[in-house]
Each structure stands twice: as C-alpha cells, then as structure tokens.
2 protein chains.
Amino acid sequence: MINKDPNVRETHDLIASDLVIGTSVYDSQGNHIGQVEKLILEKRGGRISYAVLSFGGFLGVGDDHYPLPWEKLDYDESLAGFRIDTTKEQLEGAPHFARDQEFNWDAENGRRVYDYYEVRPYWI
Amino acid sequence: MINKDPNVRETHDLIASDLVIGTSVYDSQGNHIGQVEKLILEKRGGRISYAVLSFGGFLGVGDDHYPLPWEKLDYDESLAGFRIDTTKEQLEGAPHFARDQEFNWDAENGRRVYDYYEVRPYWI
C-alpha cells in the first residue's frame, strides 16, 4: 500500500477523514458520478450516520446532495475513490436535497434513505 | 440555534463533518489548545475511532497529533468549538505522534489512548 501522506491514511480497518471527504465516487459501472461532500456524524455514539454524495449538475453547478449509508461506500485503492453498487439511474430516484436546501435529518428521513439502499438502519 | 450554513450542520443528535474538522478545541479551563485535524474512521462498522487533535507547537508549526476518543469532544455552541474535560497538563502526557510521523493505529495503541482518557473502548 502506498501512502501519499506521511501519516497513515488507510489501514485494513481504518481510514482517515481526509481520504474520504472530497473523494470521488464511482457507480457500479465504474462511471464517475460525484464526490463525498461531507459526513453526518452522531454526537453521542460516534457513528457515521450518512455520507453525503454530491451528484448531478454540471461541473459542480446545480448538483444535489444524496445521503448514503456509510456501508454503501467501498474504498477502491486502484481508483483512489469509492465504489457504490448502485447504478446512476437508481441513484437518480434516491432521496436527495438541493445543495442550498436545508435537509431534515430526522429518523423518518433517515429510514427512507436506509430503506432505499436496502441497508438495515444501525439504530434499530 | 443559528446555522451559518444553509444546510443543517448541527441538530440535537447529529453534526456535520465540516463543523468538526478544523474546529477549535478548548481545555477544561477554557483555554484554546488546538484544533481537530481529522477523524479516523472504521471502514466497516462506521464508527469514529479517534478524533485527531493538533496541539503544541507555535502557530501551527511543530504541533503534534493527539488521538482522542470521540466521546471526549463536547461541542459548545457558544464557543463554536469543542470542549474537552482534560487540562493542558494532562494532555501533554497523552499518547501522541509528530505531525510528519507515521502512527500505528493498531488495537494496542488504541487501547493506550482510550485507557489514558479513561474511556471504555467501544470495540471490547
């Protein structure tokens, strides 16, 4: 494993946030579809509730934010990015919100996100 | 609650990574001691293993990296920063590594960090 950073950025089990945020995301066909914009974290419990993918628009203009369960992101060293096992078309129908829009991170919306991706919510 | 960002950055339960990374940290006496440099995340499980505090040095030069259990960070809106219930002196004796040094994020070192802060490791 080659580290671009002198600090460990990735081990078998762990990954540093600077290798996650701003990192490219590829769909199941290997198309570049966007990047990880930010993570939404639990204050208590310390879990990653969602990774927020920016997707759509053109050259970063008009793109929307797609909350994803963390489990959907699979880091691929050869791509230096994340793969998700979702097609672009499936993603287009997923829960999202406009970049400049306030999203309601409540349990019901959270459930909708996890249900869409068929990931069991960690909080139930 | 006032949000500087049009997106929700903080709710009762959740906090966005852009409000965490780069954010000031204050010790138990309210002294500014550094900032959150990055988070170290579990690839599987999706937990925050550590928050890495940069502390020491002068104007960001020569500061070291101090891994902290996430539970140690308490966001204080009035400070727009995190408080930790640790003194500067206690922190000086804590496990740390040089900014340009590779840290071994193994279970034994992890245990040392959690033990130092008297936080029960989440993985046991």
For this session: Find how many whole Å separate the alpha carbon centroid of the stretch A:79-124 from the alpha carbon centroid of the stretch B:35-75.
Result: 27 Å
Seminar exercise, completed: Inter-copy distances for A:Ala80, label 7 Å out on the Cα-Cβ vector, sorted ascending, nm, one decimal, are 3.4
Exercise. Which distances, shortest first and in nm, link B:Thr11 to the matching position in the other copies, using label points set 7 Å out along Cα to C-beta?
Worked result: 3.3
Exercise. Of all chymotrypsin sites (Phe, Trp or Tyr not before Pro) in the stretch B:64-124, which ones are in loop regions per DSSP and have a Cβ with at most 14 other Cβ atoms within 10 Å?
Worked result: B:Trp123
For this session: With a cut-off of at most 11 other beta carbons within 10 Å, and DSSP calling the residue loop, which GluC sites (Glu not before Pro) in the stretch A:26-118 qualify? Please list them.
Result: A:Glu77, A:Glu118
For this session: Net charge near B:Gly56: determine it from the other residues with C-beta under 11 Å of the C-beta of B:Gly56, scoring Lys and Arg +1 and Asp and Glu -1.
Result: -1
Problem set entry | Beta bridges by DSSP in the protein assembly as shown, antiparallel share as percent, to the nearest 5 | 95 percent
For this session: Please check chain A for the longest run free of trypsin sites (Lys or Arg not before Pro) that are loop-located per DSSP (anything but H, G, I, E, B) and have at most 11 other Cβ atoms within 10 Å.
Result: A:45-124
Problem set entry | Mean ellipticity per residue at 222 nm, deg cm²/dmol - from DSSP H runs of n ≥ 4 across chain A, formula -39500 (n - 2.57) | -3000 deg cm²/dmol
Exercise. At A:Ile124, with labels set 7 Å past Cα in the Cβ direction, how many nm apart are the copies from this one, shortest first?
Worked result: 3.4
Exercise. For chain A, modelled as a GNM with alpha-carbon contacts under 10 angstrom, which of A:Thr23, A:Thr87, A:Thr11 fluctuates the most?
Worked result: A:Thr11
Seminar exercise, completed: Around A:Ala94 (Cβ within 14 Å, Cβ-to-Cβ, excluding A:Ala94; K/R +1, D/E -1) the net charge comes to -4
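Throughout, read-outs are computed from the coordinates displayed, never taken from laboratory work. All values reported here derive from a predicted model rather than from experimental measurement. With ideal geometry, Cβ positions are generated from the backbone for all residues, glycine too; neighbour counts draw on all protein chains shown.
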